[in-house]
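Below: the structure, in structure tokens.
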Amino acid sequence: AAPSSVRADVVLKDALTSLLKEAPKKLKELRDECTAELERLGALAGGEATADGFFKALKLALEAQGSPKVVAIALDAVSKLTTNGHLSGKGPDPFKATSEGEA
């Protein structure tokens, strides 16, 4: 990787912060996921983040109908992460092991 490559944690933090700011209140699941992922990212304390483990909020944002700015932020982040080799698609599917029905 080139030394000028963008760090995954920086892209993720910028994207999640922007998504949290732009997501309307009706997108509660997205807002909650952004908050949780920002907390997880902060807990890494500068450690290398794998973007695959933080994909759920981006996927929710990509599916945000009626919120083109939210979708644009997520597309930009996914583009940066894939271009720099941080998003491989090899992580666990964040939607397979949902807690729905377990409540």
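The values are calculated or read from the model by the stated rules, or taken from the named source; none is laboratory data. This is a predicted model, so every value here is computed, not measured. Note: areas computed on protein heavy atoms with side chains; ligands, DNA, RNA excluded. Shrake-Rupley method; radii C 1.70, N 1.55, O 1.52, S 1.80 Å.
Excluding same-chain neighbours fewer than eight residues apart, the lysines reachable from LYS25 by a Cα-Cα span under 22 Å are LYS13, LYS56, LYS59, LYS69. Each semi-axis of the equivalent ellipsoid for region 8-84 is √(5λ) with λ an eigenvalue of the Cα gyration tensor; in descending order they amount to 19, 14, 9 Å.
Think of a 1.4 Å ball rolled over the protein heavy atoms: region 8-84 then has 54 Å² of accessible area per residue. Sequence-ordered 3J(HN,Hα) estimates for region 50-62 from the Karplus curve with 6.51, -1.76 and 1.60 and θ = phi - 60° stand at 9, 4, 4, x, 10, 7, 4, 5, 5, 5, 4, 5, 5 Hz, glycine and proline given as x.
Solvent-accessible area assigned to carbon and sulfur over region 8-84 amounts to 56 percent, based on a 1.4 Å probe.
By a 1.4 Å probe calculation restricted to protein chains, VAL10 has an accessible surface near 70 Å², given to the nearest 10.
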